[in-house]
Amino acid sequence: MLHVVIGAGPAGVTACEMLRDLDAAARITLISGEPEPPYSRMAIPYLLVNDIKEDGTYLRKSENYFPDHQIDVQHISVTAINPEDKSIRFEDGNSLDYDRLLIATGASPIQPPIQGIELPGVHQCWTLDDARAIAARALPDTSVVLVGAGFIGCIILEALVKRGCQLTVVEREDRMVPRMLDNTAGGLLKRWCENQGITVLTNTAVNQIAEKKNKLSVSLDNGNTITAGLVITAAGVRSNIDFLTGSNIDTDQGILVNQYLQSNQEGIFAAGDVAQGRDFTTGGFAVQAVQPTAVEHGRIAATNMVKPDSLSYPGSLNMNVLDTLGLISISFGQWMGNADGDSVVLLDDAQYRYLNLQFDGEYLTGASSLGHTQHMGVLRGLIRSRVPLGIWKKRLMDDPTRLMEAYLGSVQSLV
Amino acid sequence: MQMSLLIDAGKCTGCVQCELACSLENEGIFNPAKSRIRIFTFHYEGRFVPYTCTQCAEAWCMQACPVDAIAYDAATGAKVILEAACVGCKVCTIACPFGTVNYNSDTGKVIKCDLCGGDPECAKACPTEAITYVDADQTGYERMRAWAVKTDAGSTAIA
């Protein structure tokens, strides 16, 4: 069996490992579009503050890991897929046949349509190459404008502060991290950042970036202009599906996949940020673009590549954790609430602590928090197990911090 | 013989000796908040339930780690945090559906039970045998494993 995996992020690497586990005799080729060994973009903020070296970002640490597992890693871009003759074509004109193909090409940052976005000194923070460019410019006392206060913007915020940069964050929407936090939590996070000397401009857009005496002049829609040595754009990501044009693989926001993570083309699967898979709490199909989902996708897709239709999949629970200058925010599932569902909020404004639980009848379906770090994974257990909470719903409504007790009492029946 | 922690909540008196022993062994201080095993109190039922990582086969934490910083210890069966590799991204703390991997803000890394390398201090400290370290084939362990499956059935079962 010839297994080909395009994309060497967490989904692709996890899939290769699962393929090897399940099919010792298979030929496995892992194709990376970047020159480095497979690495984690999530580790880049820690690289920027020298907590780790570049090899600290690698997904697998032991030398010869991939050859030892007979996974053939090739560094080259794929330009087209031809399901008719089961082959993929590379940028150098060569092609490779497959029996089963996994597309795990991830996502790329959206380039906001701003005049001057292509100027030297304007960077995105996505690849190791980007990280090197940012590290070269983000020197102490450099004025940095961060365009976008979403997950990626916030995760690199601390690194920029630790490097001694003077930071201005510009966010188009009305709050920070609008895909994870509601108004209350987003407002708390903004105040937290401002108290640490960061300028946070919400409801503000960048109109134009221009070069001015070796610096960048950033014009905002509020009429102000900021002079910066570095502009970093973090305006969200988009699935890498453009190369699929003409392949007859169905796409929407990402590659449309069924409960086995197979596309509309037999033998072609998708996983991770490029896959528009089922969402556990909504039942709909969405590109979640988070690490736990990528890994889950990789395992499930690989299982079905080896044994067709063997592992059906109820969907991934969307979840995220973010550390912004030491204030930790977490979101799970339907954190924004359910129509007609009950909810409970616990807020300690002065201590930057916030906890919001969302119920759908007897079930917990979502949660978000700020400043809570202990036992928070149990929210996954409570939501995913779909066990009716019974008496524990009222107890959580009375005291939402009793999550572990609710889990042990309801899901595990330990009490 | 694979050993595992066996917890019999009915025998727990809530004395927190396990938490103190765990904290001392791992952090060098007596601070229950730093313990890898925690006792949860159920006022209405008058019960105490000690709970920590079951070293589940699914190893959600290990799967989710983006930098290969959680390793399987073949000698004990424990999933162990490799401090030098951990960057502190906390993905494992939300991936673990049991809530037993936690962030330690003092070190900027995560902590979880590692079975003390095969000689767990909590079990030795427990005066009532609510926590014992026993042959993993005992039925209690199988029950704990069954819970692990219940938590995320469907996305892990390998046909």
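The values are calculated or read from the model by the stated rules, or taken from the named source; none is laboratory data. None of these values were measured; they are calculated from a predicted model. Cβ placement follows ideal geometry from the backbone for every residue including glycine, while neighbour counts extend to all protein chains displayed. In case anyone asks, the SASA skips ligands and DNA or RNA and just uses the protein heavy atoms, side chains included. Shrake-Rupley method; radii C 1.70, N 1.55, O 1.52, S 1.80 Å.
For this structure, a couple of remarks:
- Given (1) open to solvent by 20 Å² or more (accessible area, probe 1.4 Å); (2) not assigned by TED's automatic domain parsing to the domain that holds A:MET42, index of the condition A:LEU311 fails: (1)
- Counting only residues that are closer than 16 Å to A:MET404 by Cα and either touching a residue at least 60 places away in the same chain (Cβ under 8 Å) or outside any helix (DSSP H, G or I) (or both), the stretch B:20-38 holds 4 of them.
- Failed criterion for A:LEU370 (all others in (1) in contact with a Lys or Arg (Cβ under 7 Å, 6 or more places away or on another chain); (2) under 28 Å from B:SER105 (Cα atoms); (3) within 11 Å of chain B (Cβ to nearest Cβ); (4) aliphatic (A, V, I, L, M) hold): (3)
- Residue list for the stretch A:15-49, filter: of a type outside the set (A, V, I, L, M, F, W, C), under 22 Å from the mean Cα position of the chain (by Cα) and within 12 Å of chain B (Cβ to nearest Cβ): A:GLU17, A:PRO37, A:PRO38, A:TYR39, A:SER40, A:ARG41, A:PRO45, A:TYR46
- Filter result (closer than 26 Å to A:ILE152 by Cβ and charged (D, E, K, R)) within the stretch B:56-82: B:ASP68
- Single residue of A:VAL145, A:VAL177, A:VAL169 found to be under 27 Å from the mean Cα position of the chain (by Cα), over 30 Å from A:ALA350 (Cβ atoms) and β-branched (Val, Ile, Thr): A:VAL145
- Set A:SER247, A:SER312: member being assigned to a loop (DSSP other than H, G, I, E, B), over 27 Å from A:LYS393 (Cβ atoms), of a type in the set (Ser, Thr, Tyr) and within 9 Å of chain B (Cβ to nearest Cβ): A:SER312
- Listed by first and then second residue, the pairs with beta-carbon distance under 6 Å, at least 6 apart or on different chains, first residue in the stretch B:48-69 and within 7 Å of another protein chain (Cβ to nearest Cβ), second part of a loop (DSSP other than H, G, I, E, B) and polar (S, T, N, Q), are B:PRO66/A:SER40; B:VAL67/A:SER40.
- Some residue of the stretch B:101-109 being farther than 20 Å from A:GLN291 by Cα and more than 9 Å from chain A (Cβ to nearest Cβ): yes
- Verdict on A:ASP99 being more than 23 Å from the chain's Cα centre (by Cα), open to solvent by 60 Å² or more (accessible area, probe 1.4 Å) and in the same structural domain as A:LEU244 (by TED's automatic domain parsing): no
- Restricting attention to the stretch A:1-41, the residues being under 18 Å from A:TRP126 (Cβ atoms) and open to solvent by 40 Å² or more (accessible area, probe 1.4 Å) number 5.
- Matching helices (runs of 4 or more DSSP H) fully within the stretch A:120-215 where at least 1 residues are without any contact (Cβ under 8 Å) to a residue 24 or more places away in the chain: A:128-137, A:183-194
- Among the residues examined, A:ILE300 does not qualify as over 25 Å from A:GLN262 (Cα atoms) and either in a strand (DSSP E or B) or within 13 Å of chain B (Cβ to nearest Cβ) (or both).
- If the condition is being open to solvent by 30 Å² or more (accessible area, probe 1.4 Å) and β-branched (Val, Ile, Thr), then the stretch B:35-80 contributes B:THR41, B:VAL80.
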